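J.: What follows is a single structure, and I will ask about it in a moment.
The values are calculated or read from the model by the stated rules, or taken from the named source; none is laboratory data. If you're wondering where the values come from, they're calculated on a predicted model, not measured in any experiment. Glycine also receives a Cβ, built like all others from the backbone with ideal geometry; neighbour counts cover every protein chain displayed. With ligands, DNA and RNA removed, areas are computed over all heavy atoms of the protein, side chains included. Shrake-Rupley method; radii C 1.70, N 1.55, O 1.52, S 1.80 Å.
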Amino acid sequence: MSGAAKDIEEIVREHAFFEGLLEPFGKLISGCAKNVHFQPGEYLFHEGDAADQFYLIRQGCVALEIKAPGRGAITFQTVREDEVVGVEWLIPPYRWSYDARAAEFTRAIAMDGACLRRKCEADHDLGYEVMKRFMPVLIQRLQAAQMQILDVYGEQA
Amino acid sequence: MWTLEIEPDGPASAAAAPGQFNMLTAFGVGEAAISLSGDPAEPGRLVHTIRAVGPVSHALAQLRPGAALGLRGPFGAGWPMAEAAGRDVVIMAGGLGLAPLRPAIYRLLAERARYGQVQVLYGARSPADILFRRELESWRRRLDVEIEVTVDHAAVSDWRGHVGVVTTLLGRAAFDPANTVALVCGPEIMMRFCAAALGDAGVKAEAIHLSMERNMKCAIGLCGHCQFGPVFICRDGPVFRYDQVAGLLRHKEL
Ligand SMILES: Cc1cc2nc3c(=O)[nH]c(=O)nc-3n(C[C@H](O)[C@H](O)[C@H](O)COP(=O)(O)OP(=O)(O)OC[C@H]3O[C@@H](n4cnc5c(N)ncnc54)[C@H](O)[C@@H]3O)c2cc1C
Ligand code: FES
């Protein structure tokens, strides 16, 4: 194993999202990982693209956006270091439903979704571990969406 | 949103504590409870921030400089500033809820050495809805206080800050949950979510304080208009400890 491969395993296991991950899982997961970075304004992906990755943010800020007719692009969430971008790789049809843009210079670990799905399918213990970590992200997004839909700070709230 | 500054005409009312409110009368229309939102170190300036939602608030918001209005107060139990001394303070405000907290922030900053970490976490609907924006920006330049603002949504062109619900800011805030006092004000749903998130972070219910709103009439604990379960908001609040109101907050019809 090269030094670089070991580094990425360390980075993955030290990221808040994978805090406390058992070593064998860390090895399996980081086999699907690579280091990436984005310049301010650069897009990680666009709505409609195949969601074949997710991103562990190590530094910077990613804005998740939806284009609204007549209103331009609306940011509905920002994601910062220690957080994760993307759950769509986990669920068919594996397609992004929004754009993700680096709002600042951003460093991340990009995870190959197809690679990790294969490993989760082959080893359900790993699959459950990954699910347990993604489920809270989904629930938080759902709760945030509830609050946004209720428009709690609006005139009628 | 309008900010109204009132000069007493006649005997000045007692100095208000952060979190207290006045009853303001728009003559010929009616009376409404409005929190003080100014600096408690300047008791001669009665500052109120008003959102026009109905007849009274509309009439108050339309007053021109020099116009007269009625005022009684200050009323109610405010923020537990004495209890906060020596401890970390986490302020969570949503929307107009920043107004009743502003006097507490002034007080914290004026007596900065008395407190531990001070965190102000503010959620607004959109960048255009951010209250007291210039002040927030000037507080942010201080090195001894953390001010974080998030909005529910923003046009890409006019916002470079956080987007997301206010509770997401809590995870990044530095404070010792065992030795923290939390002051929360905003729409009730937002306060319930904040109290839950503070609880998850390890802050005890007794250390979380919320400012409640119900329609008021007498404001002195006589008419029962503001009754909320066994308590009267005007007399026993508007600021309550979360453990005292948590059960009531779950009942939809109260
Ligand atoms: C302790 C306390 C402190 C308050 N502080 C402030 C303050 O600093 N600034 C301020 O603007 N208001 C404040 N309020 C709220 C204010 O007293 C009420 O909104 C009041 O009912 C306004 O009277 P109105 O005649 O304008 O509207 P109403 O005729 O009473 O209400 C008109 C419509 O607005 C809705 N409504 C009532 N209150 C609100 C609200 N808070 N938000 C959104 N919709 C509402 C009602 O459901 C109704 O549909 C406070 C209330 C309390 C109890
Ligand atoms: S307003 Fe009358 S009892 Fe509170």
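J.: Taking the options B:Ala197, B:Ala201, B:Ala155, B:Ala124, name whichever one is touching a helix residue (DSSP H, G or I) at 6+ places or on another chain (Cβ under 9 Å), surrounded by fewer than 17 Cβ atoms within 10 Å (Cβ to Cβ) and within 12 Å of chain A (Cβ to nearest Cβ). Give the derivation first.
T.: Details: B:Ala197 fails: surrounded by fewer than 17 Cβ atoms within 10 Å (Cβ to Cβ); B:Ala201 fails: within 12 Å of chain A (Cβ to nearest Cβ); B:Ala124 fails: surrounded by fewer than 17 Cβ atoms within 10 Å (Cβ to Cβ).
On inspection, the qualifying residue turns out to be B:Ala155.
J.: Take the residues in the range A:67-104 that are among the hydroxyl-bearing types (Ser, Thr, Tyr) and assigned to a loop (DSSP other than H, G, I, E, B); name whichever of them is least open to solvent (accessible area, probe 1.4 Å).
T.: Pass one, the range A:67-104, residues among the hydroxyl-bearing types (Ser, Thr, Tyr): A:75, A:78, A:94, A:97-98.
Keeping just the survivors that are assigned to a loop (DSSP other than H, G, I, E, B) gives A:94, A:97-98.
Numbers: A:Tyr94: 72, A:Ser97: 65, A:Tyr98: 21 Å².
Filtering first and then ranking leaves A:Tyr98.
J.: Taking only the range B:1-25 into account, find how many residues are outside any strand (DSSP E or B) and open to solvent by less than 20 Å² (accessible area, probe 1.4 Å). Quick ask: steps written out before the conclusion?
T.: In the first step, residues of the range B:1-25 are kept if they are outside any strand (DSSP E or B); the result is B:1, B:7-20.
Next cut, open to solvent by less than 20 Å² (accessible area, probe 1.4 Å) only: B:18-19.
Here the count works out to 2.
J.: In the range B:235-254, what residues are at pLDDT 90 or above and farther than 18 Å from B:Leu183 by Cα?
T.: Passing the criteria: only B:Arg235.
J.: So, of the residues in the range B:211-245 that are among the charged types (D, E, K, R) and within 18 Å of the chain's Cα centre (by Cα), which turns out to be most open to solvent (accessible area, probe 1.4 Å)?
T.: Result: B:Glu213.
J.: Further question on the same structure: Out of all the residues in the range B:236-251, is one or more of a type outside the set (Gly, Ala, Ser), within 16 Å of ligand 1 (Cβ to nearest atom) and within 14 Å of chain A (Cβ to nearest Cβ)?
T.: Checked the range B:236-251: no residue is of a type outside the set (Gly, Ala, Ser), within 16 Å of ligand 1 (Cβ to nearest atom) and within 14 Å of chain A (Cβ to nearest Cβ).
J.: If a residue has to be among the aliphatic types (A, V, I, L, M) and either open to solvent by 20 Å² or more (accessible area, probe 1.4 Å) or without any contact (Cβ under 8 Å) to a residue 40 or more places away in the chain (or both) to count, how many in the range B:82-115 make the cut?
T.: Applying the first criterion (among the aliphatic types (A, V, I, L, M)) to the range B:82-115 yields B:82, B:84-85, B:89-93, B:96, B:98-99, B:101, B:104-105, B:108-110, B:113.
Imposing the further condition that a residue be either open to solvent by 20 Å² or more (accessible area, probe 1.4 Å) or without any contact (Cβ under 8 Å) to a residue 40 or more places away in the chain (or both) reduces the set to B:82, B:85, B:96, B:105, B:108-110, B:113.
Residues in the range B:82-115 being among the aliphatic types (A, V, I, L, M) and either open to solvent by 20 Å² or more (accessible area, probe 1.4 Å) or without any contact (Cβ under 8 Å) to a residue 40 or more places away in the chain (or both): 8 in total.
J.: To continue, here is another question. Cβ contacts < 6 Å: first residue more than 13 Å from ligand 1 (Cβ to nearest atom) and among the acidic types (Asp, Glu), restricted to the range B:209-226; second residue open to solvent by 90 Å² or more (accessible area, probe 1.4 Å) and at pLDDT below 90, any location; separation 6+ or different chain. Result?
T.: none
J.: For the range A:104-134, name all the residues that are aromatic (Phe, Trp, Tyr) and either at the interface with chain B (Cβ under 9 Å from one of its Cβ atoms) or on the phi > 0 side of the Ramachandran plot (or both). Before you say what the answer is, go through the steps one by one.
T.: Kept after step one, since they are aromatic (Phe, Trp, Tyr), are these residues of the range A:104-134: A:105, A:128, A:134.
Within the range A:104-134, no residue meets the criteria.
J.: From A:Val137, A:Val152, which residue is within 14 Å of another protein chain (Cβ to nearest Cβ) and under 13 Å from the mean Cα position of the chain (by Cα)? Before you say what the answer is, go through the steps one by one.
T.: Details: A:Val152 fails: under 13 Å from the mean Cα position of the chain (by Cα).
Testing whether each residue is within 14 Å of another protein chain (Cβ to nearest Cβ) and under 13 Å from the mean Cα position of the chain (by Cα) leaves just A:Val137.
J.: For the range B:38-59, check the following and say yes or no: at least one residue is more than 20 Å from the chain's Cα centre (by Cα), among the basic types (Lys, Arg) and more than 7 Å from ligand 1 (Cβ to nearest atom).
T.: No: zero hits.
J.: Restricting to strands (runs of 3 or more DSSP E) lying wholly in the range B:26-112: which have 1 or more residues that are on the phi > 0 side of the Ramachandran plot and either within 16 Å of ligand 2 (Cβ to nearest atom) or within 14 Å of chain A (Cβ to nearest Cβ) (or both)?
T.: Working: elements: B:30-35, B:46-50, B:70-75, B:88-94.
Answer list for the range B:26-112: B:30-35, B:70-75.
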